[in-house]
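Following: one structure in structure tokens, then a few remarks.
Every number in this text was worked out from the coordinates using simple rules, so none of it is lab data. Just so it is clear, the model here is predicted, and its values are computed rather than measured. Backbone-built Cβ (ideal geometry, glycine too); neighbour counts: all protein chains shown.
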Amino acid sequence: MFVLISLVLSMSPRPTMAKENVQTDWTRRVITHTITNSNSKLLHFRFMDQNEQEVSLTENSTSLQSDSLTQSPSTDLSSAALQSFRLTAPIRSALKGDSNLPASYDLRDSGVITSIKDQGNSGACWAFGTLKSAESNAIRKGFLTKNHADFSENHLAWFAFHPSERGGDKLITDGFYPISSDVDAAYTWGGSSLIALFTLARWSGVVSESTAPFQADTLAERSAMAQKMKKNGEVLRYRSNYHMQNATCYDAAPTSAWKNALMNTSALAAGMYYNTAYASKGSAGATYYQTAYAGSTAVKSSNHCVTIIGWDDNYSRLNFPSSHRPKSDGAWLVANSYGRKTDENGYFWLSYEEPSICDVYAFELEKNTKYDTNYQYDGFGWGSAIPDTTSPKGANIFRVRSDYNQNLKAVGIYTITDAQNVTIQIYKNVTSGYPTSGKLVKASTTTASIPYNGFHTITLAKPVALTGGSSFSVVVTYHSKNNTEAYLPIEGTGASTNRVQSLYNSETGQSFYYSPTANSWVDTSAAGQNNVCIKAFAKNTTPKPTISFRSAKIIVGKKETLKLPLTLKHITASQVRYKSSKKKIVSVTARGKIRAKKRGTATITAYGKNVKARIKIIVKKAPSSVALKAKKKVLKKGSALQLKVALSKHSASRKRTFRSSNPKVLKVSSSGIVYARKKGTATITVMTYNRHKAKLKLRVK
């Protein structure tokens, strides 16, 4: 059974101070996935905008056979199941936390938060919320100072809605496409922290603000920003100053976990329902608490992303207007993205009781030098999941880049539910189509207990040495507990509405799911689905030596000697050895010099440690005569002409020496091309390896 889980697109443009109107806000969330029968699946997409008009998309498609990927019985995601996927309001007990936490906290006091920004005339609040969290983490880790941590929301928003279309890119077409002719649609269609983490996980960002500045105070500025990205943005697609390491979702976590994350990790990006009618400002600061929606309806109505930067357990409920006042004290300190002229210099207090708070994420970064390669097939995260009560297992087979040997150091995975235990195994030199056919690297087998869902970089118990050009697989088991389903995240199969289209791409031989019933691995692409969401992170160790011949074969004459035309990279000539398949036909010295002994064919192998190359040597008769011919014997000054060498029948001479009697008139190259330099005459001579000669007189006019 495949389950398409929740995805939220939030968009709330800057309110009253916006100089020009922006398209209506909307929220995208998958509400249900019902298996109607064993042969079909029913996917429901619901799109919400501010006036709560609902648009639905239903996709019916043929399911896979029971011995393939659909191992679980047909089920309906009940309200209890939906709770685990954060489609209802998060349940947070003990809102004021435990006694070990301070009653109040403000990231501004410790300088671990950047200044208020302005999203201008755009719906990119989600990008601002995400990157303020990431900036906070970069400061806390000491990567940047408060005054230098400034990441590009433009870059994130653009590549979230512009999937790769480059040939050869394994992530080609994976992602969301706005169905709009507007060049700036990426900045107006909204988004979510989930979309942000899908984009960042593929190493599209983060980059500094100076790399792709965000400017959208007016429609003209927004359009100009989009035109510039359209023209020059492709070179920035996989540019990153820092890579996302983890993105942890705290939706269903206790409030104490939120507070610990604020104190130790980063600010928290968060979604909420925002309506200026519920925003107030008084002597105790700006406040927000709405009474229009409650419970799951409030979460479904979320339309804006902000950043939580602190809290105050004792913030009085009386600071909120009587018309919309919470029942208890306590509030989150929130940074908005509407500039410093709104709220209280851009900040407001959000009641602990606000029911619409959702998609609460902490984004953690790592330096872009930590790994050199991100092996991946999923370009836009998970859109579906394979559930199983017997611990679903997925795998990807990758091929190591050919130019370097590497150490595989970590694996990147998604989890859809909290409290998920996983086991990661690495196999080397696997056979195509069989993820566990190679050698299991037991010392690198890694188990992890992941408390909250999201994206996670898991360091292997021991790095795995990989040889350039070899194959390896990453096998991940999602352990189920107490006969409940665990979920293996995979890409979706694509869908569209009148507003947005999602596409995914995969090829056979990349991703696999283990079928307990068939007791075998199933290729997900061959079975009509797309890739398993597993990434592998490797660091270069030494360049991989390469040996290559400049041609696949050479033809020589009997008793001819020749130094083989060999190209070496990251290996010295003294490290190369040679071997002839037929020594009686062609012999080869330790330095790669061959001698043709008699007519026939032999193969010469040049080899070093874990690298080799072959060339075919064809031996013919030694020439008994040679002739030199030209299409014309009178050349114009400045022209060039290729001479033709004719040897006696069934003979060959690889070595041919050309000489001009007057190089000032006619210059000749080693391959027999003559260049007419000035008026006069000259004689060109060619000589074979066994010293047979031919001459040709030419004139330049």
If you take the charge dipole of region 626-700 about its Cα centre, with +1 on Lys and Arg Cβ and -1 on Asp and Glu Cβ, which of Asn690, Leu647, Ala630 is farthest toward its positive end?
Ala630
Relative contact order %, region 626-700, counting alpha carbon pairs below 8 Å whose residues are six or more apart:
36
At 222 nm, what value in deg cm²/dmol follows for the chain if DSSP H runs of at least 4 each add -39500 (n - 2.57) and the sum is divided by all its residues, to the nearest 500?
-3000 deg cm²/dmol
Got the relative contact order for region 194-256 handy, in percent, Cα pairs under 8 Å and 6 or more residues apart?
49
Looking at this model, which pairs from Lys553/Lys582; Lys593/Lys695; Lys170/Lys569; Lys117/Lys341 are more than 21 angstrom apart at the alpha-carbon?
Lys593/Lys695; Lys170/Lys569
Mind ranking 268-275, 631-638, 532-539 by how tightly packed they are, going by the mean number of other C-beta atoms within 10 angstrom, highest first?
268-275, 532-539, 631-638
About its Cα centre, the chain carries a charge dipole, from +1 on Lys and Arg Cβ atoms and -1 on Asp and Glu Cβ atoms, whose size in debye to the nearest 20 is 11240
Where Lys and Arg each count +1 and Asp and Glu each count -1, what net charge lies around Lys544 among other residues with Cβ under 11 Å from its Cβ?
+2
Charged-residue dipole, Cβ positions (Lys, Arg, Asp, Glu), region 117-214 about Cα centre, Debye nearest 20
460
Which one, Tyr504, Ala606, Pro543, projects farthest toward the positive side of the charge dipole computed for the chain from Cβ point charges (K/R +1, D/E -1)?
Ala606
Considering only the other residues whose Cβ falls under 9 Å of the Cβ of Lys621, what net charge follows from Lys and Arg at +1 and Asp and Glu at -1?
+4
What list of ³J(HN,Hα) couplings, whole Hz, do you get for region 674-680 from phi and the Karplus terms 6.51, -1.76, 1.60, once you set θ to phi - 60° and write x for glycine and proline?
9, 10, 7, 9, 7, 4, x
For region 646-692, what class follows from the C-alpha gyration tensor (a ≥ b ≥ c being the square roots of its eigenvalues): rounded when a/c is under 1.5, otherwise prolate if a/b is larger than b/c, else oblate?
prolate
Relative contact order computed over the chain (Cα-Cα under 8 Å; 6+ residues apart), in percent:
12
About the Cα centre, charge dipole magnitude for region 282-345 (Lys/Arg +1, Asp/Glu -1 at Cβ), debye
220
Listed highest first by mean packing, meaning other Cβ atoms within 10 Å per residue, what order do 417-429, 558-570 come in?
417-429, 558-570
Place the peptides 341-352, 589-600 in order of packing, highest mean first, counting for every residue the other Cβ atoms within 10 Å and averaging per peptide.
341-352, 589-600
Neighbours of Val441 by Cβ distance under 12 Å: Lys/Arg at +1, Asp/Glu at -1, summed charge +4
Euclidean distance between Cα centres, region 527-553 to region 554-582, Å
27
Using every Cα-Cα pair within region 546-620, state what percent have a distance larger than 16 Å.
41
Out of Gly190, Ala226, Trp203 - ranked by how far each Cα lies towards the positive end of the dipole of region 173-235, with unit charges on the beta-carbon of charged residues - the top one is Trp203
